[in-house]
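To start, the structure itself, in structure tokens.
The values are calculated or read from the model by the stated rules, or taken from the named source; none is laboratory data. Owing to the predicted nature of the structure, the values given are computational and were not obtained by experimental measurement. Note: ideal-geometry Cβ built from the backbone for every residue, glycine included; neighbour counts use all protein chains shown. Surface areas here come from the heavy atoms of the whole protein model, side chains and all, with no ligands, DNA or RNA. Shrake-Rupley method; radii C 1.70, N 1.55, O 1.52, S 1.80 Å.
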4 protein chains.
Amino acid sequence: MGQNKYAEIQEKAFQANMQLPALGLVLFTFGNVSAADRNTGVFAIKPSGVPYRELTPEKMVIVDFDGKTVQGNLRPSSDTLTHAVLYKNWEHIGGISHTHSTYATAWAQSLRDIPIFGTTHADHNTIDIPCAPPMDDDKIAGNYEYETGYQIIECFQEKGLDYREVEMILVGNHAPFTWGKSAEKAVYNSAVLETIAKMAFVTEQINPNSSRLKNSLIKKHFERKHGPDSYYGQE
Amino acid sequence: MGQNKYAEIQEKAFQANMQLPALGLVLFTFGNVSAADRNTGVFAIKPSGVPYRELTPEKMVIVDFDGKTVQGNLRPSSDTLTHAVLYKNWEHIGGISHTHSTYATAWAQSLRDIPIFGTTHADHNTIDIPCAPPMDDDKIAGNYEYETGYQIIECFQEKGLDYREVEMILVGNHAPFTWGKSAEKAVYNSAVLETIAKMAFVTEQINPNSSRLKNSLIKKHFERKHGPDSYYGQE
Amino acid sequence: MGQNKYAEIQEKAFQANMQLPALGLVLFTFGNVSAADRNTGVFAIKPSGVPYRELTPEKMVIVDFDGKTVQGNLRPSSDTLTHAVLYKNWEHIGGISHTHSTYATAWAQSLRDIPIFGTTHADHNTIDIPCAPPMDDDKIAGNYEYETGYQIIECFQEKGLDYREVEMILVGNHAPFTWGKSAEKAVYNSAVLETIAKMAFVTEQINPNSSRLKNSLIKKHFERKHGPDSYYGQE
Amino acid sequence: MGQNKYAEIQEKAFQANMQLPALGLVLFTFGNVSAADRNTGVFAIKPSGVPYRELTPEKMVIVDFDGKTVQGNLRPSSDTLTHAVLYKNWEHIGGISHTHSTYATAWAQSLRDIPIFGTTHADHNTIDIPCAPPMDDDKIAGNYEYETGYQIIECFQEKGLDYREVEMILVGNHAPFTWGKSAEKAVYNSAVLETIAKMAFVTEQINPNSSRLKNSLIKKHFERKHGPDSYYGQE
């Protein structure tokens with residue numbers, strides 16, 4: 001194992017994948033996380049359809065940014081090409097997480113952006129969480145997972161969003177994808193998104209006329225955590 | 001025990017039944033799973049009303065496809081005749097699961113099919129999950145559990161469904177039944193159905209005008225997992 | 001301890017009380033269960049405001065059917081007089097359970113009976129679960145817990161219900177009470193009621209026009225479990 | 001450690017903070033609890049952004065009632081100034097808890113007071129749980145957390161509420177704050193508020209015309225637990 005130059009990202013991908021069931025974000029194998037190594041241009045990702053209790057770091061498949069398997073005997077996640085496209089186009093991300101968590105998926109199924117109703121949301125995003133519209137039929141029939149990556153990227157381009165600021169999206173009729181500097185951060189974002197999605201659902205049930213957070217509060221809360229003068233956390 | 005020729009299906013039925021509380025699908029004894037042996041023409045099923053913590057493989061009752069007990073001192077599940085009818089008529093199924101899981105049961109109580117709103121659903125079924133209409137009064141007063149089996153089969157006939165493709169149904173005003181090649185797969189389907197049922201409920205709450213998934217996406221997702229060119233999982 | 005003639009009901013009351021947090025039916029100390037001994041005319045009940053983790057069988061307070069403490073140094077549950085009135089008037093019950101479980105309490109707060117929408121409900125009751133209307137102001141200002149007992153009894157009288165058939169009620173604006181032949185059965189009924197309450201809530205959300213179960217199905221399911229020819233369970 | 005004159009409040013703050021994840025009230029680090037020492041005029045509070053599993057009593061930061069750190073190397077919670085303002089102005093409180101628990105936060109996001117629908121609510125408060133309106137923009141841009149403290153205090157002044165009777169508030173578009181004689185009581189109130197918030201949400205879903213509890217019942221239940229003749233608990 002000392003020879004395995006991918007051991008570090010395999011370990012990171014393994015730990016991050018195991019967080020999905022621990023955080024209640026997946027049923028059975030309905031999710032996958034990857035961790036990238038920018039130096040060697042590859043990422044480690046969960047093998048397809050393998051139960052979480054049978055996962056080990058060594059089983060994580062090593063894939064390059066074109067989606068070609070570089071190391072590993074197992075077939076990688078069926079969503080691997082989506083991960084590859086995002087890594088190839090968004091050079092500052094180090095991890096990607098995909099789940100079918102209940103409330104985020106319900107918003108994706110309803111084809112609605114999640115409105116920014118409160119500071120829990122604003123602590124992480126200054127905008128409504130975008131829902132990418134469903135893909136054109138010709139792309140679905142083509143290289144579907146590859147196109148899902150571009151579906152995400154194009155949604156960000158059309159809305160003028162920066163993937164370094166907004167680290168989550170709903171893929172319409174499908175489910176959420178999240179990312180971040182590391183696989184751990186990507187999974188963190190999956191859990192945050194599920195919580196925000198549930199809160200927004202309940203908020204509209206309580207008051208169908210609930211309005212979006214005003215700009216001054218959005219700005220304040222996001223800058224508390226993320227601005228140049230942020231004062232949340234220990235550094 | 002080495003003499004017991006039913007030990008294998010008893011073990012399978014036991015393991016599958018124990019998954020119901022582990023997956024949060026049953027309260028007390030409100031569920032039952034069976035595992036069939038096509039060679040000997042029998043199935044092993046949970047005894048009626050016995051708490052899960054007191055179950056053992058040996059307590060699983062052996063019943064033939066006409067519903068007659070072949071081995072065992074305990075009374076089999078009160079739903080045994082429904083299982084028997086399905087095994088007798090649908091020769092390719094090896095396991096059946098019945099629960100009163102909350103969200104699937106609520107859809108059954110509302111007498112509505114569960115609309116196919118997203119890819120979580122399409123990964124498992126290409127159609128709305130059918131809800132069989134309530135039984136006629138004379139059948140209810142007659143051999144009720146036996147008729148429940150035919151209620152399921154007739155619903156599939158009327159809708160032109162194939163039980164090898166659609167492995168789940170809601171029995172109107174009652175609760176879900178699911179099946180599959182094995183008892184394990186039947187229970188897997190019970191959990192999938194409950195998740196789909198909850199997601200569909202929340203989806204309609206978020207957007208009452210949510211529309212069904214378009215056909216191209218339904219086809220793509222189902223074939224990813226189940227078509228001749230499926231590329232999900234390890235084989 | 002061998003001298004303690006109440007040890008048996010104290011043990012039963014203790015075990016039943018400990019089931020409330022195990023079944024997720026209580027937050028902190030918001031619930032209480034009692035177990036009666038018809039021979040000596042007393043019941044054992046949870047002391048007031050004592051956390052579940054500090055309970056022991058010995059701490060269960062012994063009270064007679066007029067509500068007078070017979071044994072024990074702790075103050076009995078503040079709802080003790082309600083229990084006493086029910087034991088005194090309904091001679092066939094051996095246990096009573098009171099919780100503020102979320103969904104049953106929400107129905108009580110909405111002042112609505114829980115409609116019988118499916119067979120999960122019919123397995124336990126042939127009717128809508130009654131919600132007793134709020135008490136008159138003069139009774140509230142008087143001996144409140146004592147009157148709560150009569151509020152329950154009068155609701156049953158007005159609706160022509162038999163407490164041996166219907167073992168649960170919602171007290172309007174307050175919360176559910178359930179009972180049965182034993183404390184264990186009373187707690188079982190608390191859990192069943194909470195499940196039925198949640199299912200009925202979701203059913204109406206999915207289909208606001210959901211209709212009550214037809215009589216033939218109500219009859220069939222209840223008699224499966226409770227009629228002279230019942231065939232559920234092992235005897 | 002024997003020298004550390006703040007060890008007692010650090011231990012109390014630590015224990016109370018650890019209750020937040022145990023009670024399911026926080027995701028990751030989205031909450032903080034403090035414990036005050038009125039003799040020395042300081043409080044111990046959770047350090048900012050530190051995961052609960054890494055907390056120890058020694059890591060609790062000691063801060064005075066003007067918000068100045070008195071002891072500790074870690075940065076205190078970003079909400080520290082809100083705590084400081086409340087301790088400085090409300091001299092009878094010994095603990096404060098802040099969470100983003102799902103249902104209470106949803107009510108805060110909907111900008112509605114939580115109506116008093118039942119006795120679970122009345123056992124703890126005689127009024128609707130107040131929702132403070134969002135802050136003016138100039139205050140948000142200024143000393144935000146400091147102003148949040150005054151936002152809470154002013155809401156109580158405008159509604160004529162006494163913080164010794166009503167120990168919880170929703171800060172509009174943000175989330176709940178609760179307090180009490182001790183940090184333990186403050187956390188207890190956080191859990192009670194979340195339960196009341198969920199019950200009220202479900203109550204309105206079941207019956208949109210649900211009406212507030214009548215005054216006689218409000219009075220009775222609150223006095224059972226809190227009046228001079230209270231008879232709940234053991235003293």
> Considering only region C:56-76, how many residues are open to solvent by 10 Å² or more (accessible area, probe 1.4 Å) and within 14 Å of another protein chain (Cβ to nearest Cβ)?
Replying inline: 8
>> Going by what's in this entry, would residue A:132 be described as under 18 Å from residue A:194 (Cα atoms), within 11 Å of chain B (Cβ to nearest Cβ) and either of a type outside the set (D, E, K, R) or surrounded by 22 or more Cβ atoms within 10 Å (Cβ to Cβ) (or both)?
In response: no
>> Please go through region D:174-204 and give me each residue that is within 24 Å of residue A:218 (Cα to Cα) and either open to solvent by 10 Å² or more (accessible area, probe 1.4 Å) or aliphatic (A, V, I, L, M) (or both), ordered by number.
In response: D:175
> So how many residues does region C:89-120 have that are within 23 Å of residue C:224 (Cβ to Cβ), of a type in the set (Ser, Thr, Tyr) and within 10 Å of chain D (Cβ to nearest Cβ)?
Replying inline: 0
> Is it true that some residue in region D:144-157 is in contact (Cβ under 8 Å) with a residue 24 or more places away in the chain, part of a helix (DSSP H, G or I), open to solvent by 60 Å² or more (accessible area, probe 1.4 Å) and more than 29 Å from residue C:27 (Cα to Cα)?
Replying inline: yes
> Hey, residue B:8 hits all of (1) exposed (fewer than 15 other Cβ atoms within 10 Å of the Cβ); (2) within 19 Å of the chain's Cα centre (by Cα); (3) outside any loop (DSSP other than H, G, I, E, B) but one; which does it fall short on?
Replying inline: (2)
> Any idea how many residues of region D:11-49 are assigned to a helix (DSSP H, G or I) and open to solvent by less than 10 Å² (accessible area, probe 1.4 Å)?
Replying inline: 4
>> Suppose we filter A:93, A:140, A:116 for residues that are under 14 Å from residue A:36 (Cβ atoms) and either open to solvent by less than 30 Å² (accessible area, probe 1.4 Å) or part of a strand (DSSP E or B) (or both); which single one remains?
In response: A:93
> Just to be sure, is residue C:164 outside any helix (DSSP H, G or I) and farther than 28 Å from residue B:198 by Cα?
Replying inline: yes
>> Testing residue D:75 on (1) free of Cβ contacts under 8 Å to residues at least 24 places away in the same chain; (2) in contact with a Pro (Cβ under 8 Å, 6 or more places away or on another chain), one condition comes back false. Which one is that?
In response: (1)
>> Could you check region D:156-182 and list, in sequence order, the residues that are over 9 Å from the mean Cα position of the chain (by Cα) and under 16 Å from residue D:32 (Cβ atoms)?
In response: D:171, D:174, D:175, D:182
> Residue check: is residue D:189 in contact with a strand residue (DSSP E or B) (Cβ under 7 Å, 6 or more places away or on another chain), closer than 22 Å to residue D:106 by Cα and within 14 Å of chain C (Cβ to nearest Cβ)?
Replying inline: yes
> Just to be sure, is residue C:182 among the hydroxyl-bearing types (Ser, Thr, Tyr), away from chain B (no Cβ under 11 Å) and on the phi < 0 side of the Ramachandran plot?
Replying inline: yes
>> Anything in region D:192-235 that is under 30 Å from residue A:208 (Cβ atoms), more than 7 Å from chain C (Cβ to nearest Cβ), in a loop (DSSP other than H, G, I, E, B) and charged (D, E, K, R)? List them, or say none.
In response: D:212
> hydrophobic (A, V, I, L, M, F, W, C), modelled with pLDDT of 95 or more and closer than 29 Å to residue A:106 by Cβ, is that true of residue A:74?
Replying inline: no
